[in-house]
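Below: one structure, written as structure tokens.
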Amino acid sequence: MERAPVIALIDGEHHPAVVRDALARLDRERGVAAVVFCGGEEKVPRQVLDDPVAHYGFPLEHDPEAAFRGGSGALAVVDLADEPILPTPAKLRLAAYALHNGLAYESPGATFTPPRYEQVDFPGRTVAVIGTGKRTGKTAVAGHWATLLRERGTSPVIVSMGRGGPPEPQLAEAGVGLEELSEIALGGRHAASDYLEDAAIAGVPAVGCRRVGGGLVGEPFESNVPAGARLAASLGPDTLIFEGSGSCIPPLEADATVCVVGRDADLGGLGIYPLLRSRLALVMGDEVPDGLPCPALRCRLEPEPVEAPSPGSRVAVFTTGAPANGSMDAVVASTALARRAELEHDLDHAAAERCDVYLVEIKAAAIDTVAVRAKREGARVIFLRNHPVALDGDLDLELLDLHDSA
């Protein structure tokens with residue numbers, strides 16, 4: 001059997017003789033490329049660390065993350081340490097760093113393998129927008145980035161994946177409108193997929209893909225995203241923008257990645273993984289968490305209609321999250337687009353209030369329910385965009401610079 005060298009993690013809570021025997025067996029069976037001492041001194045006299053080869057059989061390193069980045073030739077990390085030196089959260093964080101560096105992480109009872117990212121045959125730039133969870137603002141950021149590029153003369157195509165995406169990658173032309181979306185809904189497909197929102201709001205072509213499942217570091221069980229990227233590349237754009245779904249990461253290599261961090265994001269343990277892949281974090285909250293591995297900007301999303309309602313309109317607003325700006329003077333404000341039973345009640349309320357303009361995000365039940373009800377009530381539908389705004393910097397400049405340096 002071909003040997004596959006490993007990096008071993010050890011601690012001082014185990015007696016050196018015990019660890020030495022385990023390392024010797026590991027070296028015979030697989031090969032040991034490096035040994036990292038993670039701390040602890042209960043069973044390790046000072047002279048052991050002064051001469052580790054005599055006591056462990058190997059020289060010791062002391063920085064796991066540096067060891068994972070190094071050119072040791074290892075294919076996996078084998079964790080021989082234990083609490084209290086490496087409690088579970090610390091082990092999972094090290095697993096995230098290992099996976100980010102293409103190493104499997106093996107601990108008794110659990111093995112993590114690094115996700116596979118496919119290289120797209122494309123001569124232009126590739127950038128990605130990923131997130132720490134569902135409805136963090138990925139589509140808003142990807143669409144805004146695409147709009148910035150389009151307005152300055154760069155031609156982008158967005159490749160978006162979702163849990164309601166088409167069975168084969170589907171192209172939505174730039175500027176798709178309500179009529180086309182309604183026809184999609186009538187055909188039994190999800191008419192509020194992120195790629196349709198991208199095409200309608202950002203005004204650029206977008207390719208819709210599907211994915212199923214989501215692993216602990218954002219790996220889908222199955223997706224047709226690589227095929228979607230090939231379709232997008234065939235259109236001859238300058239740039240491809242890969243858009244994640246929930247906490248799932250598109251299984252494609254990107255030149256530069258932005259991670260949108262939700263307000264309640266858990267960045268402990270494996271939760272740090274998407275930020276390790278990123279060159280910029282957009283934090284949707286009041287404070288930037290400590291210890292992020294990449295630069296960060298505090299941001300918020302500001303809902304705004306793509307066109308202003310006529311003066312005197314009686315407006316109903318339908319979103320999936322935070323209510324729209326009070327300046328819209330909404331008679332009815334619903335955040336229930338993703339909660340259909342509650343949404344029906346809010347639609348009844350809008351009809352009772354004789355609302356004649358429905359402002360709606362292109363998400364969840366926007367097309368198959370809200371647009372259908374608006375047509376029945378004789379109300380006009382205007383789409384809402386979520387405009388990302390930096391609270392402590394120039395988001396537009398950061399996104400354009402990131403693209404150009406990719």
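A few comments on the model shown:
- Using C-alpha pairs below 8 Å separated by at least 6 residues, the relative contact order for the range 37-135 is 21 percent.
- Estimated dipole of the chain in Debye, rounded to 20 [Cβ of Lys and Arg +1, of Asp and Glu -1, Cα centre]: 740
- Positive-pole candidate from 161, 269, 216, dipole of the chain, charges at beta carbon: 161
- Phi angles across the range 92-103 convert, under the Karplus curve 6.51 cos²θ - 1.76 cosθ + 1.60 with θ = phi - 60°, into 3J(HN,Hα) values of 5, 5, 5, 4, 4, 5, 4, 4, 4, 8, x, 9 Hz, Gly and Pro given as x.
- This model, with +1 at the C-beta of Lys and Arg and -1 at the C-beta of Asp and Glu, gives the range 228-324 a dipole about its Cα centre of some 120 debye.
- For the range 1-101, applying the loop criterion from DSSP together with a ceiling of 10 other beta carbons within 10 Å to the GluC sites (Glu not before Pro) yields 2.
- Proximity of backbone amide H atoms, modeled 1.01 Å from N, is registered between residue 77 and 7, 104, 105, 106 at under 5 Å, excluding neighbours fewer than 5 places apart on the same chain.
- Among the trypsin sites (Lys or Arg not before Pro) within the range 349-406, those in coil by DSSP and having at most 12 neighbouring Cβ atoms inside 10 Å are 354.
- A dipole drawn for the range 217-326 from +1 and -1 charges on Cβ atoms has a positive end, and of 317, 227, 291 the residue lying farthest that way is 317.
- Placed amide H near residue 246: partners under 5 Å, 5+ positions off or other chain: 135
- Percent carbon-and-sulfur accessible area, the range 1-90, ignoring ligands, DNA and RNA, probe 1.4 Å: 52
- Cα shape, the range 26-92, gyration tensor, a/c 1.5 rule: oblate
- Residues whose placed amide H lies under 5 Å from that of residue 391, excluding near-sequence neighbours: 298, 299, 300
- Of the GluC sites (Glu not before Pro) found in the range 336-384, the ones in coil according to DSSP and having at most 14 other Cβ atoms within 10 Å of their Cβ are 353.
- Accessible area in square angstrom per residue, the chain, 1.4 angstrom probe: 45
- Rounded to 0.05, the FRET efficiency of the residue 404 and residue 222 pair, given R0 = 25 Å and the Cβ-Cβ distance, is 0.15.
- Coarse-grained scattering of the chain at q = 0.09 Å⁻¹, given as base-10 log I(q)/I(0) from a Debye sum over alpha-carbon atoms: -0.62
- Portion, in percent, of the accessible area of the range 167-285 that falls on carbon or sulfur, probe 1.4 Å: 48
- Residue-wise HN-Hα couplings along the range 329-339, as the Karplus relation 6.51 cos²θ - 1.76 cosθ + 1.60 with θ = phi - 60° gives them from phi, are 6, 6, 6, 10, 10, 10, 10, 10, 4, 9, 10 Hz; Gly and Pro carry x.
The values are calculated or read from the model by the stated rules, or taken from the named source; none is laboratory data. This one's a predicted model, so the numbers in the text were calculated from it and none came from an experiment. Every residue, glycine among them, receives a Cβ derived from its backbone with ideal geometry; neighbour counts consider all protein chains shown. When the accessible area is computed, the model is the full protein with side chains, heavy atoms only, and any ligands, DNA or RNA have been set aside. Shrake-Rupley method; radii C 1.70, N 1.55, O 1.52, S 1.80 Å.
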